[in-house]
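Heads up, the thing below is written out as structure tokens.
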Amino acid sequence: MPFSFVRGNHDTWGRHAAEGWSDYFGRPDGRGYYAIEKGPALFVVLDWAEEYGLKSAASRETAAAYHAEQVAWFKALKATPEWRRAKFRIVLSHYGTRIGSP
């Protein structure tokens with residue numbers, strides 16, 4: 001199986017960490033979330049990384065917009081042939097999922 005990289009909170013602590021992540025694991029679309037098929041499994045990689053503490057209103061707004069974009073992507077993914085075809089759906093995330101706002 002190819003490697004699947006899941007971005008976590010340490011990968012966004014400061015500009016050097018964010019640039020390092022994109023240098024080594026960047027995707028052409030710039031997203032940290034994606035899905036790949038391998039045999040009967042669909043691997044869904046979520047990106048809940050955010051700046052540590054989200055201290056400023058601007059960083060909280062940026063994180064909320066990114067999370068909303070990802071939720072919309074995930075809902076659309078559930079309507080694809082890849083989703084319907086998968087016998088197994090395996091979700092990978094650095095943080096545990098939660099109900100409600102981020």
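Among the candidates Y66, Y52, Y34, single out the residue that is modelled with pLDDT under 75 and under 19 Å from V6 (Cβ atoms). Break it down stepwise before answering.
Numbers: Y66 fails: modelled with pLDDT under 75; Y34 fails: modelled with pLDDT under 75.
Of Y66, Y52, Y34, the one residue that is modelled with pLDDT under 75 and under 19 Å from V6 (Cβ atoms) is Y52.
Has the range 74-87 got any residue that is modelled with pLDDT under 90 and either over 16 Å from F3 (Cβ atoms) or acidic (D, E) (or both)? I'd like the intermediate steps shown before the answer.
Kept after step one, since they are modelled with pLDDT under 90, are these residues of the range 74-87: none.
Within the range 74-87, none of the residues are modelled with pLDDT under 90 and either over 16 Å from F3 (Cβ atoms) or acidic (D, E) (or both).
Here the range 26-45 is the region considered, the condition is being touching a Lys or Arg at 6+ places or on another chain (Cβ under 8 Å) and crowded, with 16+ Cβ neighbours inside 10 Å, and the residue that is farthest from A72 (Cα to Cα) is L42. Residue count for the range 1-24 under the criterion of being open to solvent by less than 80 Å² (accessible area, probe 1.4 Å), aromatic (F, W, Y) and at pLDDT 75 or above: the result is 0.
Restricting attention to the range 25-42, the residues that are without any contact (Cβ under 8 Å) to a residue 24 or more places away in the chain, more than 13 Å from the chain's Cα centre (by Cα) and either on the phi > 0 side of the Ramachandran plot or outside any loop (DSSP other than H, G, I, E, B) (or both) total 1.
The values are calculated or read from the model by the stated rules, or taken from the named source; none is laboratory data. Values in this document were obtained by computation on a predicted structure and should not be read as measured data. All Cβ positions, glycine included, derive from the backbone under ideal geometry; neighbour counts span all protein chains shown. Quick note on the areas: whole protein, heavy atoms, side chains included, nothing else; ligands and nucleic acids left out. Shrake-Rupley method; radii C 1.70, N 1.55, O 1.52, S 1.80 Å.
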